[in-house]
1. Just give me the residues in region 63-107 being open to solvent by less than 50 Å² (accessible area, probe 1.4 Å), part of a helix (DSSP H, G or I) and among the charged types (D, E, K, R), in sequence order.
2. Which ones in region 116-155 are open to solvent by less than 10 Å² (accessible area, probe 1.4 Å) and farther than 30 Å from Asn181 by Cβ?
3. Would you pick out the residues in region 59-97 that are closer than 18 Å to Ala145 by Cα and touching a Phe, Trp or Tyr at 6+ places or on another chain (Cβ under 6 Å)?
4. Which condition breaks for Thr158 when tested against (1) at pLDDT below 95; (2) buried (at least 16 other Cβ atoms within 10 Å of the Cβ); (3) among the hydroxyl-bearing types (Ser, Thr, Tyr)?
5. Restricting to region 167-184, name every residue that is of a type in the set (A, V, I, L, M, F, W, C) and open to solvent by 80 Å² or more (accessible area, probe 1.4 Å).
6. Out of Ala171, Ala180, which single residue is within 22 Å of Ile60 (Cα to Cα) and of a type in the set (A, V, I, L, M)?
7. I need the full set of residues from region 12-46 which are open to solvent by less than 60 Å² (accessible area, probe 1.4 Å), assigned to a helix (DSSP H, G or I) and touching a Gly at 6+ places or on another chain (Cβ under 9 Å), in order please.
Amino acid sequence: MKIYTKTGDKGTTALFGGTRVPKHHIRIESYGTVDELNSHLGLIRDQEINHHYKDLIIHIQDRLFTVGAILATDPEKAILKSGKERLNIPKISSEDIERLEHEMDTMNEALPPMTHFVLPGGHQTVSFCHIARCVCRRAERLASALNDLEPFEANTLTYLNRLSDYLFVLARKLSYDLQANEIKWIPEKQ
């Protein structure tokens, strides 16, 4: 199979189902940003971190492929003539969301209470988490805008929202684990 097809040379691409749209279409921006997020998660997974975090990130990356597939599916072609769903894979479940919540709760138990915003940074791995968190928030904003135009499964948006929270808590936990300096943001006085 060739990687290049030349079908996108004029600025369009195909959605799952065959519909062609401009490459700047909000649907493409949405799942493209999810793909970007997935790549940043790979970078975090490549760091010297606890294997539990690595295993969970692999699971999250799998779920993000599902999110991308949901976002890449033309809603008008989501159901085949046979009545079956075109996207024949497990969707984002409430269990996927609850797993992130449980992980955050567990990490938070080991962390000092947060009394201020924190400045991103302190260690390269922590910074990667903050970048991924920001990309996740952008993916969520784009997916939310798409959902306003063409609604999709609610758990998809909820998962992106919870994932950005998870990435923030993971950044804090890795700061703690790596004994990195977590700098509080305290606004300067006038």
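The values are calculated or read from the model by the stated rules, or taken from the named source; none is laboratory data. Here the structure is a predicted model, which means the values were calculated and not measured. Ideal geometry is used to build each Cβ from the backbone, glycine not excepted, and the neighbour counts take in all protein chains shown. For the accessible areas, the whole protein counts, side chains as well, though only heavy atoms, and no ligand, DNA or RNA atoms are used. Shrake-Rupley method; radii C 1.70, N 1.55, O 1.52, S 1.80 Å.
1. Arg63, Asp96, Glu103
2. Selection gives Ala143, Leu146.
3. Gly68, Ile70, Leu71, Ala72, Thr73
4. With (1) at pLDDT below 95; (2) buried (at least 16 other Cβ atoms within 10 Å of the Cβ); (3) among the hydroxyl-bearing types (Ser, Thr, Tyr) applied to Thr158, the lone miss is (1).
5. Ile183
6. On the way: Ala180 fails: within 22 Å of Ile60 (Cα to Cα).
Exactly one residue qualifies, and that residue is Ala171.
7. Of everything in region 12-46, those that are open to solvent by less than 60 Å² (accessible area, probe 1.4 Å), assigned to a helix (DSSP H, G or I) and touching a Gly at 6+ places or on another chain (Cβ under 9 Å) turn out to be Ser30, Tyr31, Gly32, Val34, Asn38.
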